[in-house]
Every structure is written in structure tokens, then in C-alpha cells.
Amino acid sequence: MSIELDSHRTLTAARGRAAQRGLTTRQAVADRAFRVALLGATLLFVALVAGLFIELVHGSWESIVTFGAGFLWSSEWNPVTNHFGALPFIYGTLVSSAIAIVIAGVVGISAAVFLAEFAHPVVARPVSFFIELLAAVPSVVFGLWGLFVLAPILGHTVEPFIQRYLGFLPFFSGPIYGVGLFTAGLLLALMIVPTVSAIARDLIQAVPNELREASIALGATRWETATRIVLPSARSGIVGACVLALGRALGETIAATMVIGNRPAISASLFAPGYTLSSVIANEFTEATSSIYLSALLELGLILFVVSVVVNGCARILMWSMLRSQGRRS
Amino acid sequence: MIQRAIDGRETSAATAVKVRVSHLDVYYGSNHAIRDASLDIEENQVTALIGPSGCGKSTFIRAINRLHDLTPSARVSGKVELDDVDIYSRDVDPIVMRRRVGMVFQRPNPFPMSIYDNVAYGPRVNGERNASRIAVLVEDSLRHAALWDEVKDRLSESGVALSGGQQQRLCIARVLSLRPEVILMDEPASALDPIATAKIEELIAELREQYTVVIVTHSMAQAGRVSDRTAFFLNGSIVEAGPTNQIFTRPKERRTEDYITGRFG
Ligand SMILES: Nc1ncnc2c1ncn2[C@@H]1O[C@H](COP(=O)(O)OP(=O)(O)O)[C@@H](O)[C@H]1O
Ligand SMILES: [Mg+2]
């Protein structure tokens, strides 16, 4: 988004300058050709997204016609009787992603504030480097680690501990398996923390130093300056970063599949196994023998597509509104 | 009594020293930006710091409320005494000290929050919880900064939406809300148009009644208009300091005279 805006601004400015200098027609033609090419590339991407959407609707048409809107709130998933409903998968996707974004938001923003405002560069540089390295680890490696390290620790130690003190709450009740919604949420959080903390740190560093100095000069502490001036100045951009990270959690397939338990059930307990939209598609696509089964899986894909587009759209609008309000400053 | 050549007003030469800077050195890494500078800043007077750009005026003024604490590469030695207490000594809390020494910056830097909250920020971070007392402080400070009439109907609008001159007066109101004793201003009008500059200068003349003001300015005419005393900086040292009219009409140092008469660099 910002890149598009910038290039647009550059182009406009370049055109203005070209006009002033009275450039030759050949250059003007090249300029026009360049713009047409850019427009073509943009339209191509729009067409690709639209085509994908149409193809998904087309593929899931049989399911849409058969189950209607009830597909969204039916919890039955039975390939034998050919009855399909999306609710457990929507639930699993939303709950695991919600856990992920709450944890990653708190941890990522705290890390960003610490790294940008308090840590000495000698500490901040290597720590930032390692956090960002986390983003480069392949999902399947996260999945393996989640299954063989994280899930046993959670199942044997952490979840029983939480249950002992908070077990009266329905979210922490019931049997503990190690794998489940909570484990998946935590693993996803680890995967998206770099996105949150890296973008948030850059946004915090972009807050003009004059604001910090003004705050300090008014007798505020560094902590008050960070929480009352710096964070609010970067707020909408940070929210945008979180939504962007949420988009990644929503679509993450392999790591979630490995630790969520893959059971299409809705349970109040976060320790219970669940299933996500992307996991069920990946797991069952090859076994989908009947056309209605395949069509139902494609409709799950359509739902995921719509949710992701909406979430990412929100992120972009938030970031854009922040850039615009910053522009008003100068 | 000294007759001021510039505007004919009379000022008393025998006033108390509010801030006494002695043997101040400031380094940025290996860059020795202030060299053994000493200056007495008198109470209820406007002291102007003049000199070519890069000579250390900002560095000097920022040492007076310990803003260099924020710059990791900066190192300060020497004494800055506020009412005879060295602000760099161990038992002085910089947070408490900064309430007494306010700062107005070169570029207007209102916080991205409402006009009201901008002015209320200082009292709030300094522990004022009482909403009606805060409201009184906000109104008084805005009136004192000659901004109240322009903003009284839109206090909840963003401070960032004001014009440059209004923003700078908002920043002055923000400083006044803490009822400081000393107000430091680093080229407060350099980013403003002539009309906004005139308003700021008028305001400085009024502030002088209640506050001790130190102002950095690159404009000799401005120093002449607003200040009682002037210190001339060159390459990190104070060449000469004294009553403004004396510095402007009978400088003791050749280098001061060269700078004043524009024969310089
Ligand atoms: N944050 C900083 N880090 C390193 N050097 C600085 C910094 N601020 C100022 N300096 C240097 O200190 C010297 C004095 O600068 P400054 O006090 O800003 O001068 P003035 O305000 O008179 O123009 C200059 O040589 C400048 O390059
Ligand atoms: Mg300066």
C-alpha cells in the first residue's frame, strides 16, 4: 500500500518536473508507456484475485446449493452420509487464531517497546535479529517442535497447572491431551510474534524524537513517555500489524494441523482438540471421493478466503489511515 | 541602571542569579561541543544565546535541563546550579528538576492528542489527578500563552491540526502548565512566519515578568528586541556575555564585533 502511494507520488512529481523542463515527446511517450504497463500489471493482479474467487465459488457451487446457508452453522461432518457443515472448522480457526493474536500482540508489542525505547543497542540488535530469524523458520519445523516439545510440556505441566487454579472456568476444564486449541494457538503465536514485534518496533522508532524530548522535558519518566506518547502515536499502525499477523495465523496450515488434534468438535475447553479450515482441507483433499465432499472442502476454502481478505483489508485500511494522519503533521 | 539602547526600557542590573553554569563541557563521543563555558543567568531576565550555527547553542541550552541524559553518546561535565543546587549532583532527581525548567523546541512539537490534553499532560504526569484543578491550569496556561481566544471552542480537537504559530504557542502553554521557574527556548520562532514570530516575541516580553527566560536565536534583530542580556557563542565557547545593549554597541571582543556587524564567516 505505502509503496503504491509512494510510487504514485513520485510519478506525479516526476511528471510535474518533466513538464517544467519541457521534455521531448519521445520521453513523454516512454513515460506514458511506463504508466500503461503499470496499470496493466495492476489490473492483472485484480483479475487474478477475482478469478480465484470465481473459481472457488464455481467449485463449491454443488455444496452451496445442497446445504445453503446452513453450511455455516451445521457442526456435522460426515463423509459417509455426505452431510457437511463448516462450524467446527470456523470455530477452530477463529479460536486458535484469537489465542495466537492475543498472546503475540501482548508479547510482540512489549518486545517492540523494550527493544526500541529501553534496551541498549548492544542488547537490542542481537535480540531483534533472533526474533526476526524466527520468521524464517519453516512452518513444518515449528509443527515438529510443537508436537514433540511444546505439546508434551503443555500437556504434562502447564495445562494441569492452569486447570488446578482456574479449572472452574469452562475454558480450562475437561480432559487434557497436550494437543488442542490452546497448543495450536500458542504455537501460532510464536510464529507470528516476529511480524508483530518487527513492524511495531519500526513504527515506534519512526515516532519523532522531538515528541519524546518534549515529554521528558515536561518531567515525564521514560516509561510514561513510552506508554502515553510513543505507543499512542504508533497505535493504528501497530493495530494494522496485529491484523496482518492475524491473517497469517488464520491461513497457517501445517503447524496447526500437527498440534491441534484434528477433531471436528466444538468444546468450551481450550484444552480440547479442534480442527481448522485449512487443516481439514489439507488432510482430506486426497480422500474426497464424492463430488459433494470435494465441493464442501472447496466451500471451506472459500470461507477461509473471504475471512482472510476481510482481515487483510482491515489491516491495510488501518495502516493507510495512520500514514495519512501522520502526513497531516508535516 | 542601564539605559537600553534598543527600546529605551530600563532594567535593573542588580538581580539574583537563577542559573549559574560553571566550567561546562559537553562531548558527543569525541566531538567536544561545549568547551569550558561559564554563564550566569539572571532571574526574571531574558538571556539570548547568539552565534553562528553549529557553535553549540542548542547543546548548551539542553544541558540546563539535562536533556542530554537521553543521548547515549553525550557526556556532560561541569556544574549547572539552579538556585545554588547543582542539577547534575547525585541527590537531584532530574524528573523533579525538569518541572522547574521548561523547554520550547525549534520545531513546534505538539503531542498527537487534543489541545486540552496537550496542556494537561505535564500536570497529569506530575501526579495531578483533580480534574477541576487541571481544567483551571489548562485555561490559565492557554490564556497566558495568548492562545485561549483562538482555541477555547475547540479544545478537544487535535493539537496537530493548528497552524505552526498556534502550535508553538500551544507548546509554550504546555510548558507554562507546570508553572516552571526557568523557560528554555531553542530558536522558538525559526520555523514561523513574521506575524507568528511577532506574537511569540510579544509573549516572551510578557513571560519575563514571571519567569527566567533563556532563548537561542540566530536572528540578531530578535536578540536585540527581546533580550536583556546576551551571550555570544563561537566554536563551543562563550566569547562574551553581558547586557544586550552593551554587547550590541560596545562589545569588548573583536570577534563579537565582527559577528554583530556581519563581518563574520
Ligand atoms: N546528537 C548529536 N550527536 C552528535 N553531535 C551532535 C549532536 N548534536 C549536535 N552535535 C554537534 O555539536 C555541535 C554543536 O551543535 P549545536 O549545539 O546543535 O549547535 P547550534 O545549536 O549552535 O547550531 C555541532 O558540531 C554538532 O554537529
Ligand atoms: Mg541549534
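The values are calculated or read from the model by the stated rules, or taken from the named source; none is laboratory data. Computed from a predicted model, the values in this text were never measured in an experiment. Neighbour counts run over all protein chains shown; Cβ positions are idealised from the backbone, glycine included. Quick note on the areas: whole protein, heavy atoms, side chains included, nothing else; ligands and nucleic acids left out. Shrake-Rupley method; radii C 1.70, N 1.55, O 1.52, S 1.80 Å.
Out of residues 5 or more away from A:Ile176 or on other chains, whose amide H comes under 5 Å of its own, with H placed 1.01 Å from N in the peptide plane?
none
May I ask you to give the solvent-accessible area per residue for region B:190-265, in square angstrom, as obtained with a 1.4 angstrom probe? Intermediate results must be reported in sequence, preceding the final value.
On the way: 3480 Å² over 76 residues.
I get 46 Å² per residue for this part.
Determine ³J(HN,Hα), in whole Hz, for all residues of region B:134-143 in sequence, where each value follows from phi through the Karplus function 6.51 cos²θ - 1.76 cosθ + 1.60 and θ = phi - 60°; x replaces Gly and Pro.
Result, rounded to whole Hz: 4, 4, 5, 4, 4, 5, 4, 5, 5, 4.
Provide A:Trp61, A:Trp77 ordered by accessible surface of protein heavy atoms (probe 1.4 Å), highest first.
Working: A:Trp61 145, A:Trp77 35 Å².
If we order A:Trp61, A:Trp77 from most to least accessible, we get A:Trp61, A:Trp77.
With a ≥ b ≥ c the root eigenvalues of the C-alpha gyration tensor of chain A, is it rounded (a/c under 1.5), prolate (a/b larger than b/c) or oblate?
Details: a/c = 2.60, a/b = 1.25, b/c = 2.09.
Here chain A falls in the oblate category.
Using a 1.4 angstrom probe on heavy atoms only, work out the carbon and sulfur share of the accessible area of region A:73-329 in %. Mind dumping the intermediate values first?
Numbers: 8060 of 11370 Å².
Result for region A:73-329: 71 percent of the exposed heavy-atom area is carbon or sulfur.
Might you work out the accessible area of B:Glu42 for me, using a 1.4 Å probe with all protein chains in place, and round it to the nearest 10 Å²?
Roughly 20 Å² of B:Glu42 is accessible to a 1.4 Å probe.
If you count only protein heavy atoms with a 1.4 Å probe, what accessible area per residue comes out for region A:37-164, rounded to a whole Å²? Mind dumping the intermediate values first?
Details: 7360 Å² over 128 residues.
On a per-residue basis, 57 Å².
Non-local amide H neighbours of B:Gln45 (under 5 Å, H modeled in plane, Pro and chain starts lacking H): which ones?
Distant-sequence amide H within range of B:Gln45: B:Val213.
Tell me the mean residue ellipticity at 222 nm calculated for chain A from its helices only (DSSP H runs of n ≥ 4, each -39500 (n - 2.57), averaged over every residue, nearest 500). Intermediate values should be presented prior to the final figure.
On the way: 14 runs with 227 residues, N = 330.
Mean residue ellipticity at 222 nm (helix-derived): -23000 deg cm²/dmol.
Work out from phi, with θ = phi - 60° and the Karplus expression 6.51 cos²θ - 1.76 cosθ + 1.60, the ³J(HN,Hα) of each residue of region B:96-108, listed in order in whole Hz, and give x for Gly and Pro.
Each residue of region B:96-108 in turn: 5, 4, 5, 5, 8, 10, x, 9, 10, 9, 4, 9, x Hz.
Tell me which lysines have Cα within less than 21 Å of B:Lys152's Cα, excluding those fewer than 8 residues away on the same chain?
Of all the lysines, those that pass the test against B:Lys152 - Cα under 21 Å, at least 8 places apart if same chain - are B:Lys199.
Which aspartates and glutamates have a Cα less than 14 Å from the Cα of B:Lys252, not counting those fewer than 8 places away in the same chain?
Output for B:Lys252: B:Glu240.
Have a look at region B:157-180 and report residues whose accessible surface goes down by 40 Å² or more when the remaining protein chains are included, against the chain on its own, probe 1.4 Å, ligands and DNA/RNA excluded.
Those residues are B:Val160.
Mean Kyte-Doolittle hydropathy of -1.0 or higher plus an axial Cα length of 24 Å or more: which whole DSSP H helices in chain A meet both? List each step's numbers first, then the result.
Details: long enough: A:2-21 (28 Å, -0.79); A:25-59 (50 Å, 1.24); A:87-113 (38 Å, 2.06); A:181-206 (36 Å, 1.64); A:235-251 (25 Å, 1.22); A:291-329 (57 Å, 1.07).
For chain A, where a helix must reach 24 Å along its axis and average at least -1.0, the hits are A:2-21, A:25-59, A:87-113, A:181-206, A:235-251, A:291-329.
With a 1.4 Å probe and all protein chains in place, put B:Asp149, B:Asp258 in order of accessible area, largest first.
Working: B:Asp149 115, B:Asp258 35 Å².
I get B:Asp149, B:Asp258, largest accessible area first.
So which trypsin sites (Lys or Arg not before Pro) in region B:96-184 pass both tests, a DSSP loop state and at most 15 other Cβ atoms within 10 Å of the Cβ?
Values: sites: B:Arg98, B:Arg99, B:Arg100, B:Arg124, B:Arg129, B:Arg133, B:Arg143, B:Lys152, B:Arg154, B:Arg169, B:Arg174; in loops: B:Arg129, B:Lys152, B:Arg154.
Within region B:96-184, the qualifying trypsin sites (Lys or Arg not before Pro) (loop, at most 15 other Cβ atoms within 10 Å) are B:Arg129, B:Lys152, B:Arg154.
Once phi is turned into θ = phi - 60°, what whole-Hz ³J(HN,Hα) does the Karplus curve with 6.51, -1.76 and 1.60 give for every residue of region B:57-74, x standing for Gly and Pro?
Those phi angles translate into 4, 5, 4, 5, 5, 6, 6, 6, 10, 6, 5, 5, 4, 7, 9, x, 7, 7 Hz.
Under a GNM of chain B (C-alpha, springs under 10 Å), which listed residue has the highest mean-square fluctuation: B:Ala33, B:Ala231, B:Ala198?
Highest fluctuation among the options: B:Ala198.
For region B:97-141, state which residues have at least 40 Å² less accessible area in the presence of all protein chains than in their chain by itself, taking the probe as 1.4 Å and leaving out ligands, DNA and RNA.
B:Arg98, B:Phe105, B:Arg107, B:Asn109, B:Phe111, B:Pro112, B:Tyr121, B:Val125
If the only charges are +1 at each Lys and Arg Cβ and -1 at each Asp and Glu Cβ, what is the size of the charge dipole of the protein assembly as shown around the Cα centre, to the nearest 20 debye?
With only Lys, Arg, Asp and Glu charged at Cβ, the dipole is about 1020 debye.
List the residues whose amide H sits under 5 Å from the amide H of B:Met103, counting only those 5 or more places along or on another chain, with H placed 1.01 Å from N in the peptide plane.
For B:Met103, the qualifying residues are B:Leu184.
How high is the relative contact order of chain B, given as a whole-number percent (alpha carbon pairs under 8 Å, six or more residues apart)? Don't jump to the answer; show the numbers that get you there.
Details: 510 pairs, mean separation 67.9, N = 265.
It comes to 26 percent, rounded to a whole number.
Assuming 0.36 nm per residue, please report the length gained on full extension of the stretch A:Arg164 to A:Asn82 beyond their Cα-Cα distance.
Numbers: separation 82, 0.36 × 82 = 29.52 nm, distance 4.13 nm.
Extending this stretch completely gives an extra 25.4 nm.
Got a number for carbon plus sulfur as a percent of region B:2-260's accessible area, 1.4 Å probe?
Working: 5030 of 10720 Å².
Heavy-atom surface of region B:2-260 belonging to carbon and sulfur, 1.4 Å probe: 47 percent.
If the elastic network links every pair of Cα atoms under 10 Å, which of A:Gly68, A:Gly40, A:Gly301 fluctuates the most in the Gaussian network model of chain A?
Most flexible of the set in this elastic network: A:Gly40.
Return the average number of partner chain Cβ atoms within 10 angstrom of each residue Cβ along peptide A:209-216. The partial results should precede the final answer.
Details: counts 3, 6, 5, 2, 7, 13, 6, 9.
Averaged over the peptide's residues, the number is 6.
Could you report the buried accessible area between B and A, both sides summed, computed with a 1.4 Å probe and given in Å² to the nearest 100? Mind dumping the intermediate values first?
Details: alone 12280 and 18130 Å², together 28490 Å².
Result for this pair: about 1900 Å² buried.
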